[in-house]
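Asks: Dropping the structure in here first, questions after.
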Amino acid sequence: MTEQMVTEADIELIQRIIPHRYPFLLIDKVRDIDPHKSAVGIKNVTFNEPHFQGHFPGAPIMPGVTIIEAMAQTAAVMVGISLDMADKDLLVYFMAIDKCKFRRKVVPGDVLELHVEAKRGGSKIWKFEGIAKVDGEMAAQAEFTAMMDLPQE
C-alpha cells in the first residue's frame with residue numbers, strides 16, 4: 001500500500017480490501033489498526049438499512065448475525081492491511097463462531113464499535129476475539145475463525 005504503516009481505512013480502502021458491497025458492507029471505517037494484532041471497526045447504524053424493514057417493524061433492532069458479520073469484516077480489513085491485500089481480490093470465509101453472546105440491542109442512531117483482536121494467524125487461517133460496543137457498553141461478543149482465500153500470484 002504505502003511505505004508508512006496504515007492505521008486507518010476509510011470506505012474506499014475497505015472496498016479495495018474486501019469484496020462486500022451494499023447491502024452487505026457493514027462497516028464504514030476501520031481505525032486503530034495494529035497489523036497482525038487488532039483493529040476497531042465503526043458502523044453507523046441507520047434506519048435506511050434493509051434489514052430494519054423486517055427486524056422488527058415498529059421496533060428496529062440490528063440482527064445479531066449482522067453484528068458478528070461486521071466484526072468479521074473489521075477483522076478481514078485488518079488482515080488485508082497486514083498482508084498488503086488491497087486490490088488483490090481477498091475472500092474471507094467463516095469457519096467457526098464460538099462463545100457468541102448478545103448483551104444489548106443495537107438500534108438506528110447507534111454507533112457500533114467493533115473491537116477485534118487476532119488470537120492466532122499468519123496467512124490462511126486466523127482466529128479472532130471480537131467485542132461490539134455502543135457508547136462503551138458491550139452489545140455483543142464472539143470468538144470466530146476465518147479462512148483467507150489468498151489469490152494465487
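Asks: Roughly speaking, to the nearest percent, how much of segment 79-153's 1.4 Å accessible area is carbon and sulfur?
Replies: 47
Asks: Going toward the positive end of the dipole of the chain, with +1 on Lys and Arg Cβ and -1 on Asp and Glu Cβ, which of Met5, Ala39, Ile81 do you reach last?
Replies: Ala39
Asks: Using the crude model of +1 on Lys and Arg Cβ and -1 on Asp and Glu Cβ, and no other charge, please compute the dipole size for segment 61-153 relative to its Cα centre, in debye to 20.
Replies: Roughly 440 debye, rounded to the nearest 20.
Asks: While we're on this one: Where does segment 36-94 land on the Kirkwood hydrodynamic radius, alpha-carbon pairs, in angstrom?
Replies: One over the average 1/r among Cα pairs gives 13.3 Å for segment 36-94.
Asks: Can you tell me the relative contact order of the chain? Whole percent, Cα pairs under 8 Å, sequence separation 6 or more.
Replies: Working: 331 pairs, mean separation 38.9, N = 153.
Relative contact order for the chain comes out at 25 percent.
Asks: Now a separate question. Taking 8 Å as the Cα distance limit and 6 or more residues as the minimum spacing, I'd like the relative contact order of segment 1-89 as a percentage.
Replies: Relative contact order, segment 1-89: 37 percent.
Asks: What shape does segment 92-153 have by the C-alpha gyration tensor, where a ≥ b ≥ c are the square roots of the eigenvalues, rounded means a/c under 1.5, and otherwise prolate means a/b greater than b/c and oblate the rest?
Replies: prolate
Asks: List the aspartates and glutamates whose Cα lies under 16 Å from the Cα of Lys119, skipping any in the same chain that are fewer than 8 positions away.
Replies: Leaving aside aspartates and glutamates fewer than 8 places away in the same chain, those within reach of Lys119 are Asp34, Asp98, Glu129, Glu143.
Asks: Given a 1.4 Å probe, how much area per residue of the chain is accessible, in Å²?
Replies: It amounts to 53 Å² per residue over the chain.
Asks: Give the shape of the chain as rounded, prolate or oblate, defined through the alpha-carbon gyration tensor: a ≥ b ≥ c are the square roots of its eigenvalues, a/c under 1.5 means rounded, and otherwise the shape is prolate if a/b is larger than b/c and oblate if not.
Replies: prolate
The values are calculated or read from the model by the stated rules, or taken from the named source; none is laboratory data. Bear in mind that the values here come from a model prediction, so they are computed numbers and not experimental data. Reconstructed Cβ throughout: ideal geometry from the backbone, glycine too, with neighbour counts over all protein chains shown. These accessible areas exclude ligands, DNA and RNA; they are computed on the full protein's heavy atoms, side chains included. Shrake-Rupley method; radii C 1.70, N 1.55, O 1.52, S 1.80 Å.
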